[in-house]
Amino acid sequence: MMEQPLPPDSDLLLHSDVCWPAVDVALVVVSGEIDLGTAPQLVAAITGPLRSLPRVLVVDLRPVRFLGVAGLNALTESRATAAAHGVTVRIVTGGQGWLERPIQLCGLSDVLPGYQTVDHALETD
């Protein structure tokens, strides 16, 4: 009898770390793949720090290997949730065209402006 392959564990496909470079600034570094299966994890990773009400929440996507449409939806949903709490979200894309292009093509550049580096996102006010 052939064994059925197990579905991929979304915890293995997406990883996030949160740190606080300043008292009122949260930094979420995301790595892995953002697709339909991992989008809920992304939302949780981004909205989790909102409980502490940072002034700015920086999301570093540079280590991400794949960003699907569900990932774009998760980013816009998370940004809307943050805005409702008065928190500004800044997305770090590192100038990677494959990350920036879908954001631009979907008309989300004003909603999800990309920053080259974490330092640039932290310095912008």
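The values are calculated or read from the model by the stated rules, or taken from the named source; none is laboratory data. Please read these numbers as outputs of a predicted model, since none were measured by experiment. Note: ideal-geometry Cβ built from the backbone for every residue, glycine included; neighbour counts use all protein chains shown.
For this structure, a couple of remarks:
- Single match in 123, 100, 33 (criterion: in contact with a Leu (Cβ under 9 Å, 6 or more places away or on another chain), free of Cβ contacts under 8 Å to residues at least 60 places away in the same chain and acidic (Asp, Glu)): 33
- Scanning the range 38-64 for residues that are charged (D, E, K, R) and more than 16 Å from residue 17 (Cβ to Cβ) gives 51, 55.
- Test: residue 54 is at pLDDT below 95 and over 13 Å from the mean Cα position of the chain (by Cα): no
- Test: residue 94 is modelled with pLDDT under 95 and in a loop (DSSP other than H, G, I, E, B): no
- Residue satisfying all of: in the range 29-51; crowded, with 22+ Cβ neighbours inside 10 Å and not in a helix (DSSP H, G or I); nearest to the chain's Cα centre (by Cα) among these: 30
- Residue 103, sole failed condition from (1) over 21 Å from residue 39 (Cα atoms); (2) in contact with a strand residue (DSSP E or B) (Cβ under 9 Å, 6 or more places away or on another chain); (3) modelled with pLDDT under 95; (4) not polar (S, T, N, Q): (1)
- Scan of the range 52-71 for residues that are surrounded by fewer than 16 Cβ atoms within 10 Å (Cβ to Cβ), more than 15 Å from residue 124 (Cβ to Cβ) and of a type in the set (D, E, K, R), ordered by number: 65
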